[in-house]
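Notes follow once the structure below has been shown.
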Amino acid sequence: MTNKVFISSVTDGLIQERTALPGLILGLGMEPVRFEDFTAAPTPSREVCLRAVTDSDVYLLLLGEHYGTPFSDTGLSPTHEEYRAAVGRGLPTFAFRKRDVEMERRQAEFAAEVEKYETGLFRGSFSGVGELLAEAGKAFRDLPAVTGSLVFTPIGRQVEVAWRTPHD
């Protein structure tokens, strides 16, 4: 099974990184999943993205300077909702924070949630595409094999068990 890796971030300020990551992920034998690759669908974009997160095996978060536009009903940005969906599902999650950028207030609060010592993640940091690819490559190298859901498959015949008894 190919591990699906959901790439999550805003595009503003991170387009080069979002463009470079799929090549690395494919090269490691996994399947990148990002909204840029989605096609027309009769389902709301928000629902498609959240379903893609929960259908993935790994979640990769990029934190840059921008938070994104919050939804009116939750007050969270799409990336923030995706992060919470991944954590709620228990997905292996890797976070990488861009150095040398001044985060918007909401983005700094989101980063603080991600990095919170008690419940959050250790995260990598990067200043450019090359450094991000090296850091992500190291993180994925140490990723244990992710298995899919258990599937019941009937064997089609009765199983015979030879019981052993202690010798008298």
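A few comments on the model shown:
- Close amide H contacts of L121 (hydrogens built in the peptide plane, cut-off under 5 Å, sequence separation of 5 or more or a different chain): E115, K116.
- Taking other residues whose beta carbon is less than 11 angstrom from the beta carbon of E104, and scoring Lys, Arg as +1 and Asp, Glu as -1, yields -2.
- Backbone N under 13 Å from the F122 label point (7 Å along Cα→Cβ), restricted to the range 86-101: 95
- Sites excluded, trypsin sites (Lys or Arg not before Pro) in DSSP loops with at most 10 other C-beta within 10 Å, longest stretch of the chain: 1-98
- The length gained on full extension between E36 and D142, counted as 0.36 nm times the residue separation minus their Cα-Cα distance, comes to 35.5 nm.
- Choice from V101, V129, V53 showing the highest fluctuation, given a GNM over the chain with Cα pairs closer than 10 Å: V101
- Seen against the Cα atoms of the chain and their longest principal axis, helix 45-54 is set at about 40 degrees.
- The shape of the range 16-130 can be summarised by an equivalent ellipsoid whose semi-axes, obtained from the alpha carbon gyration tensor, come to 21, 19, 15 Å from longest to shortest.
- Of every Cα-Cα pair in the range 1-61, the percent that sits beyond 17 Å: 39 percent
Quick note: the coordinates plus some simple rules give every number you see, no bench work behind them. Since the model is a prediction, treat every value here as computed from it, not as a measurement. FYI the Cβ positions are ideal-geometry reconstructions off the backbone, even for glycines, and counts take in every protein chain you see.
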